[in-house]
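Asks: Take this structure first; my questions come after.
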Amino acid sequence: MPSRPPKRRGLPPLVLALFYLALVAAPMLPAILSGTGHWQGAMRLATGAGVAAAVMILLQMITSGRFEAISGRIGIDITMAFHKWAAPVALLLAVLHVLAVIGLPDPERPGRLARRIEFVLSGPGLWDARLALLLLAALVVLALLRDRLAMRYQTWRAGHALGAVALVLLVVWHAVEDGSGGPVAAGLWVALALAVTLPALSVYAGRLIRPAARCWRLDSVRPAAEHLWLLEVSPPEGQGLDFAPGQFAWIAVGRKRLPLHDHPFSIASAPGGRALRFLVQEAGDFTRTAGQLTPGMRVSIDAPHGSFVPRGDGPLILVAGGVGIAPILSILGHLAQTDSGRPVRFLYAARSTAAMVPPELYQPACNRLGITPVLISDAAESDAVQRGPLTHGHLERALEGLDPASCEVMTCGPGPMMTFVADTALDLGVPMQNISYERFSYAAGGSSAKDRRTLAGFAALWGGVLAVVMVYWLA
Ligand SMILES: Cc1cc2nc3c(=O)[nH]c(=O)nc-3n(C[C@H](O)[C@H](O)[C@H](O)COP(=O)(O)OP(=O)(O)OC[C@H]3O[C@@H](n4cnc5c(N)ncnc54)[C@H](O)[C@@H]3O)c2cc1C
């Protein structure tokens with residue numbers, strides 16, 4: 001029986017944006033409505049910018065990609081991009097807060113500016129604010145430079161998490177100690193801090209107290225291609241995982257149970273089976289040891305996550321590059337199992353045929369769907385494989401005989417390839433909302449037209465935050 005597209009989890013982007021804006025505006029609303037802000041304009045600007053920065057910092061705790069209510073519909077790519085760019089915006093607002101506290105030089109009050117600067121730099125009672133600003137700046141700079149730092153990813157991640165918790169404590173301490181909003185405002189700051197911190201802490205606590213019997217088990221590890229391993233894991237007796245094709249899991253192997261050691265991997269098997277398959281490409285500290293993992297090892301799984309899931313019912317064009325074949329295998333398998341009836345075209349590109357997974361992983365599904373995979377290698381070594389890289393022509397041929405406006409294009413692979421596929425599909429007439437991709441590295445690849453539209457959406461939201469601050473300032 002043809003399958004229905006899986007139900008979307010998580011809130012729609014507009015609802016998330018309005019909720020975000022409402023939370024930023026909430027602490028300022030009473031003063032805006034009653035006109036009871038500070039009598040000095042500069043101090044109103046300082047308070048508005050400071051409050052907006054503080055709420056944005058607190059909300060960073062829940063935009064880390066772990067919460068399906070947030071990332072379930074918009075996807076982990078957009079969630080992480082938001083998390084990455086909201087932090088520098090919060091930093092700019094925090095700097096604006098400090099500058100407004102200092103104020104402009106006043107010719108009628110010589111020495112005032114120097115006194116204000118001295119107060120901000122060394123005045124008593126502001127140690128928390130100074131520390132918070134330095135910590136925020138350090139977290140932002142280290143996150144933006146992460147891929148260029150000679151630091152293990154895990155070390156950076158642990159530092160980032162601990163720094164974030166310390167920052168939340170400092171920000172709330174500063175807001176409460178300021179006391180200008182009275183006990184009700186202080187209570188609300190503490191409540192907001194708890195509301196954003198507890199869900200993150202519960203992920204850690206849940207993992208620590210989970211009995212070993214509830215862990216999954218590594219069944220087998222075998223080479224799938226050059227520097228690529230196929231892992232099969234099975235659940236504890238009586239359990240399984242209900243997921244949609246194309247989703248991913250956070251995985252930690254062995255005794256390392258804390259989510260700090262989790263790595264995201266797409267599920268490479270179709271839903272419905274008891275065991276799960278993963279394809280792991282050697283990339284860094286953990287993945288380079290994939291071949292040394294031994295069957296029987298304990299595996300912690302936090303899943304399902306992600307929204308890289310087929311949605312429409314028109315023709316589906318699947319374009320995989322390298323290890324990006326993992327979620328595509330799950331989707332292909334699902335389409336084959338459910339006789340979806342959707343016309344499917346499947347393109348698989350890799351740098352060499354040695355880097356391609358064996359046909360036994362995709363050919364049975366292709367046979368069932370009655371399709372011939374288009375295999376593309378940058379160093380084509382056989383007649384069955386076309387010479388790469390993937391071009392406009394390959395995608396044009398994939399759409400031949402189909403109405404582009406009704407097609408859905410899903411691509412997963414190296415960042416630049418996904419950008420190329422997304423922009424080319426758009427160019428060929430596929431609607432933007434029908435094009436989806438999943439990045440395995442948040443830093444990789446130039447931005448596609450779709451990414452630029454997303455960034456424009458973020459900019460509009462932060463413009464809204466600034467507008468709230470301006471209204472508060474001028475009210
Ligand atoms: C949604 C998603 C699905 C993925 N699916 C697959 C897959 O099916 N197969 C596969 O081989 N790879 C997949 N990856 C990439 C994989 O998670 C990283 O290659 C792996 O975590 C690297 O770990 P490492 O310790 O070997 O490398 P490290 O040396 O620790 O890191 C190398 C780089 O990998 C990235 N990375 C490392 N740890 C994480 C993490 N916890 N979260 C996000 N990025 C991280 C960072 O960009 C880092 O710079 C996926 C990534 C994402 C975001």
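The values are calculated or read from the model by the stated rules, or taken from the named source; none is laboratory data. Nothing here was measured: the structure is a model prediction, and the numbers come from that model. So basically every Cβ, Gly included, is an ideal-geometry build from the backbone, and we count neighbours across all protein chains shown.
Asks: Could you check, for the range 293-311, whether at least one of its residues is within 9 Å of the ligand (Cβ to nearest atom) and surrounded by fewer than 16 Cβ atoms within 10 Å (Cβ to Cβ)?
Replies: Narrowing the range 293-311 to residues within 9 Å of the ligand (Cβ to nearest atom): 305-306, 308.
If we keep only those that are surrounded by fewer than 16 Cβ atoms within 10 Å (Cβ to Cβ) as well, we get none.
No, there is no match, as no residue in the range 293-311 is within 9 Å of the ligand (Cβ to nearest atom) and surrounded by fewer than 16 Cβ atoms within 10 Å (Cβ to Cβ).
Asks: Can you confirm whether the range 387-409 contains a residue that is in contact (Cβ under 8 Å) with a residue 12 or more places away in the chain and in contact with a His (Cβ under 8 Å, 6 or more places away or on another chain)?
Replies: no
Asks: Let me ask something additional. Suppose the filter is at negative phi and assigned to a helix (DSSP H, G or I); does L169 pass it? Full working, then the answer.
Replies: Details: at negative phi: yes; assigned to a helix (DSSP H, G or I): yes.
Yes; evaluated as a whole, the condition is true for this residue.
Asks: Please identify the pairs in which a residue from the range 322-337 that is within 14 Å of F278 (Cβ to Cβ) and in the same structural domain as G370 (by TED's automatic domain parsing) has its Cβ atom under 9 Å from the Cβ atom of a residue that is of a type in the set (K, R) and outside any helix (DSSP H, G or I), counting only partners at least 6 apart or on another chain.
Replies: Within 9 Å, the pairs are A326/R277; L329/R277; S330/R277.
Asks: Given the criterion crowded, with 20+ Cβ neighbours inside 10 Å and part of a loop (DSSP other than H, G, I, E, B), identify the matching residue among F420, F440.
Replies: Details: F420 fails: part of a loop (DSSP other than H, G, I, E, B).
Testing whether each residue is crowded, with 20+ Cβ neighbours inside 10 Å and part of a loop (DSSP other than H, G, I, E, B) leaves just F440.
Asks: While we're looking at this one, here's another question. What's the number of the only condition in (1) within 24 Å of A158 (Cβ to Cβ); (2) more than 25 Å from the chain's Cα centre (by Cα); (3) at pLDDT 95 or above that V280 fails to meet?
Replies: (2)
Asks: Let me ask something additional. Cβ-Cβ below 7 Å, separation at least six or inter-chain, first residue in the range 137-149 and of a type in the set (D, E, K, R), second within 16 Å of the ligand (Cβ to nearest atom): which pairs?
Replies: That search, which allows pairs on different chains as well, returns R146/W156; D147/A443.
Asks: Kindly state which strands (runs of 3 or more DSSP E) lie completely within the range 218-280 and contain at least 3 residues that are in contact (Cβ under 8 Å) with a residue 24 or more places away in the chain, within 13 Å of the ligand (Cβ to nearest atom) and surrounded by fewer than 19 Cβ atoms within 10 Å (Cβ to Cβ).
Replies: none
Asks: Something else about it: Starting from the range 172-190, take each residue that is touching a residue at least 40 places away in the same chain (Cβ under 8 Å) and list its partners that are outside any helix (DSSP H, G or I) and exposed (fewer than 12 other Cβ atoms within 10 Å of the Cβ), counting only C-beta distances under 8 angstrom and pairs at least six apart or across chains.
Replies: Cβ pairs passing all conditions: E177/G125.
Asks: Give the residue, chosen from I371, I331, I317, I301, that is farther than 30 Å from L258 by Cβ, out of contact with any helix residue (DSSP H, G or I) (no Cβ under 8 Å at 6 or more places or on another chain) and outside any helix (DSSP H, G or I).
Replies: I371
Asks: So G296 passes all but one of these: (1) on the phi > 0 side of the Ramachandran plot; (2) part of a strand (DSSP E or B); (3) not acidic (D, E). Which condition number does it fail?
Replies: (2)
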